[in-house]
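Below: one structure, written as structure tokens.
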Amino acid sequence: MKRQADNSNKKAAASSWIRPLIFLFSLSFSLFLFSRLVDFLFFHYTQHAADSKYSIDILGLLYNSDIGNLTNTLGGLGELVTSVLGIEITVIAIIVQLAANKYSSGIMELFVENPVNVTVIGLYIITAINSLLISNTLSQPYIPVFSITLMFVMIIMSLLLILPHFAYVFNFLRPENFLGYVRDRINTRLQGIAGNAAMKIEEKEQIVADINFLGDIALNSVAQSDRAVPLLCITYLREMISTYSVLKPEMPDVWFRMTGKEYLDPDFSSYSRFVIETIEKKKIFIERKVFRLYEMLFNNARSSLRDVASGVLLNSQLIAVEAVKQGNKETLHCASQFFNSYLRIAIREKDPRSAFNALEHYRIVAENLLDYDPKEVEALSFYFKYYGQEASKNQVLFILETAAHDLCAVNEMAFEKNVFNLEELLHLFLTLDEPLDETVDKGSSTKEMSLIGVRIAQAKLASFYLLKNRMDLARVIYEDMKIEPRHRIHKIREIISSIKQEEFWEITPRGINFNYLSEERRVALEKFFDWFSNKPM
């Protein structure tokens, strides 16, 4: 098998230069022979028409009848073409190499495969060969005026194309253009595979290579502190997933088959056989690969380029929401696993801001899921609870109460949508807090402050229920909170009462004060706190 693979690679390498060589050789000589044939016919026509007083050799009047002078002139023009070709190749090679060093070596392949670049360089080569052949085959008794005219036209075209082609190359090497080209190529290949039972595994490998190209560009750009290019790659990968999700039901069975080459893919090499088999069973190879790239980008950009990390979270959310609307449970499950991984990374690295942002996008997924599968929202609520408590255990501040306020928003929306498992979601929300160690001083415990934040979110939800005339649900929250000492309830009341401004006083991704309540909600909240009035200190 290895020998066959080596032979196949050698044949492919040989084909990559032999075929262009044969093509250019054939085209150049065919053009030369065609022009000489036209000259031969033209010469005999002018000879037969020589007796007519109206016969004029128009092309012949344009050129010197001295073969020696004409040969010198044409030879110089041939040298001009080869000089221009050398300059063109030198300048383009430098420009493309600089771009390849900055982004990825795959840019060289993109440039060579681009039909416009191939056509322009091919024109220079064919013009140079044609000039060489014509200037060295001039002889009496006639001047090949058509061949010379065609040669002049090709030389003029070559000279005129220098600046436009330079402009095209510079434009081609703009990230949005070559990245868009790769995205479109992936989509075209996916459309060609859909419904094609005779698909070859090489076609899948080409798509995987293009995905790797986008991922490498994004990672290299993050390393260079470039913000725009990684965001572009992230967006294009998501757009590719969007196209793929529509075509996925039409993909042939061989597309989803794992061949074993995945163990050589950096995105899958660390996975066990169980994980690979699970990916094959769930048919989520492409989704898993894109999310794996997202995870690496999130981890690498989390501390240095937060807007790139936020772009990962936003596009992960958009993929998950689209999966929700399409009823694609496997893609949704994959997305939720990676959201959990984002939270784990943030907690492990003690990065509360990244966890704070991840929870917001995760909450939006849960809110969209309420319309389609409210039962699955229970699983997501559990993950909010789990990672909130993990953050609290690892002394990552503010994450537990962030999870509480997000779950509060999910419960409010669940009520508005009148989901059947409203009480189950409420129960999960009320189990978010942990018992406090009463021996710790009340004013110094950061853990206590986090859990007070959880109680604030629960009290806010109680005010919402009272405003909606659902005293029974507000009573459920009261029964859970009544074990709290009187001073803690008083502190919760004071914190909420002190917040008068909805917009937070610093620039944050969310931009809101978690503890803010509208006047209507404040009135309802006072009724809720009145239930604690007879509670002993």
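Only the coordinates and a few stated rules stand behind these numbers; no lab work does. All values derive from a computational prediction rather than experimental measurement. So basically every Cβ, Gly included, is an ideal-geometry build from the backbone, and we count neighbours across all protein chains shown.
Descriptive notes on the structure:
- Folded to 0 to 90 degrees: helix 228-247 orientation relative to the chain principal axis, Cα: 90 degrees
- Put in order of Cβ neighbour count within 10 Å, fewest first, the listed residues VAL275, VAL81 become VAL275, VAL81.
- Computed on the Cα atoms alone, the convex hull of the chain gives a volume of 222 cubic angstrom per residue.
- Alpha-carbon centroid distance for the pair segment 471-495 / segment 154-182, whole angstrom: 69 Å
- Checking the cross-link pairs LYS375/LYS468; LYS248/LYS375; LYS102/LYS248; LYS248/LYS385; LYS375/LYS500 against a 32 Å limit on the alpha carbon distance flags LYS102/LYS248; LYS248/LYS385; LYS375/LYS500 as lying beyond it.
- Under DSSP loop assignment and at most 10 Cβ neighbours within 10 Å, longest trypsin sites (Lys or Arg not before Pro)-free interval of the chain: 54-499
- 0 to 90° range, to nearest 10: angle between helix 67-102 axis and the chain longest Cα axis: 10 degrees
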